[in-house]
Structures are given as C-alpha cells and as structure tokens.
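So the structure is just underneath, and the comments pick up after that.
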Amino acid sequence: MSEQDVEMFYKQAMSYLGQGEIDEALEFFDKALKLDDWYLPAWNDKGVAHLEKKDYVQALNCFEKVVLLDPVSSMPLYNKGYVQLILENYSDSIETFDSFLERYQNKDDFYKYALYLKGQAHYNLKEYEQAHETLEEAILQDKTFKEARELIIKVLNEEKKIK
C-alpha cells in the first residue's frame, strides 16, 4: 500500500465525517493509520470525530498523539486544551492553552477562544483574578465577544463576594 492509499482512506474518512457518519469516518481513519501511524491529519481528525461522539477520553488520546508526533504544531494543542476543559482537567487545560497561545501567532478567532477557554478553566478553579485578566485579554481581541463578556460578569460578581 502506498501514500496514495493512506490519503484515499483519509479523504473517505473526511467525507464521512462531513456527512455526520462518525463511525464510518473512524473506520477509515483507522485504515489510514494502520498504513501510516505517523499520518498526523488522520490522528487529529480522528480526535475531532471522537469529540463529535462525545468520547472525550479517546479524543484526548488522539490529540496527545498528534502533539507527541508533531510537538511544534499549535492546533492540536488547542484541541487538547479544549478536551481537557471538558474533562474538568482545568489545570492541565490552562497549561495546554498557555502552550498554544505562546506558539500561535495569529490573533484570530482561535486565539481569542483559547483565551476565553483558559479564562473559563481559571473560573472553574475559582482563580478569579487570573480568569479576569485572561478574559479581559480576550475582550481586547474582540470587543463584541459575547461569551467572554458574560463570563467576566460572573467573575466580577465572584470577586465582589470575596471582598
């Protein structure tokens, strides 16, 4: 089997994923990975498929594999941090988002959402000052960032209770 076969299986998996046929997509991701265990797009998108199924532990395993195989890539870190947040591994999520934010130079939606999700993890840990700072930075990226504005109000209310 060749690299073309790997790509064919990957493209078929992506087609199934795009149609919402997650189990079929996973089957074809596995076929691609059986031929080339280093095929990073398949690992990453297999993680996305597991996210769709709400199989968060499997998704995390896939994203960790991508980070292990390609330690300089930033988007798998974003995905990993997001899953860690879902799994309530808040400290790990913060650390992962810090790594993402250090590497990711585009000040786009992924950047602002990484800040927001990091702020959410701080909030869940009751680290209100850090949450406040992170959410303010997210709002500086986008002054109309509704989710960040709503969460910063919650943070401010918690800070008032403490004082």
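If only the Cβ of Lys and Arg carry +1 and only the Cβ of Asp and Glu carry -1, the dipole of the range 89-163 around its Cα centre is close to 340 debye.
Over the C-alpha trace of the range 86-163, radius of gyration and Dmax come out as 12.0, 37 angstrom.
When all alpha carbon pairs of the chain are counted in 10 Å bins from zero, the resulting P(r) reads 12, 33, 30, 17, 7, 1, 0 %. The GNM of the chain, with springs linking C-alpha atoms under 10 angstrom apart, assigns the highest mean-square fluctuation among Leu125, Leu117, Leu85 to Leu125.
Note on the chain: dipole from Cβ charges, positive end direction compared against Leu140, Ala42, Met8; the farthest Cα belongs to Leu140. Apolar share of the accessible surface for the range 17-163: 47 percent from carbon plus sulfur atoms, 1.4 Å probe. Taking the Cα centre of the range 1-129 as reference, the dipole from Cβ charges on Lys and Arg (+1) and Asp and Glu (-1) amounts to some 280 debye. Checking the cross-link pairs Lys11/Lys54; Lys34/Lys80; Lys54/Lys161; Lys54/Lys146; Lys80/Lys154 against a 32 Å limit on the alpha carbon distance flags Lys54/Lys161 as lying beyond it.
Considering Cα pairs under 8 angstrom that are at least six residues apart, work out the relative contact order of the range 1-62 and quote it in whole percent. The partial results should precede the final answer.
Working: 65 pairs, mean separation 17.2, N = 62.
Relative contact order of the range 1-62: 28 percent.
Measuring with a 1.4 angstrom probe and ignoring ligands and nucleic acids, Ile94 comes out at about 20 Å² accessible. With only Cα atoms counted, the range 1-96 has Rg and Dmax values of 13.2, 43 Å.
Output the relative contact order of the chain, whole-number percent, from Cα pairs under 8 angstrom with separation of 6+ residues.
Working: 194 pairs, mean separation 19.3, N = 163.
It comes to 12 percent, rounded to a whole number.
The values are calculated or read from the model by the stated rules, or taken from the named source; none is laboratory data. Quantities reported herein were computed from a predicted structural model and do not represent experimental measurements. As a convention, Cβ positions derive from the backbone with ideal geometry for all residues, glycine included, and neighbour counts pool all protein chains shown. Each accessible area value is taken on the protein alone, full model and side chains, heavy atoms only, with ligands, DNA and RNA left out. Shrake-Rupley method; radii C 1.70, N 1.55, O 1.52, S 1.80 Å.
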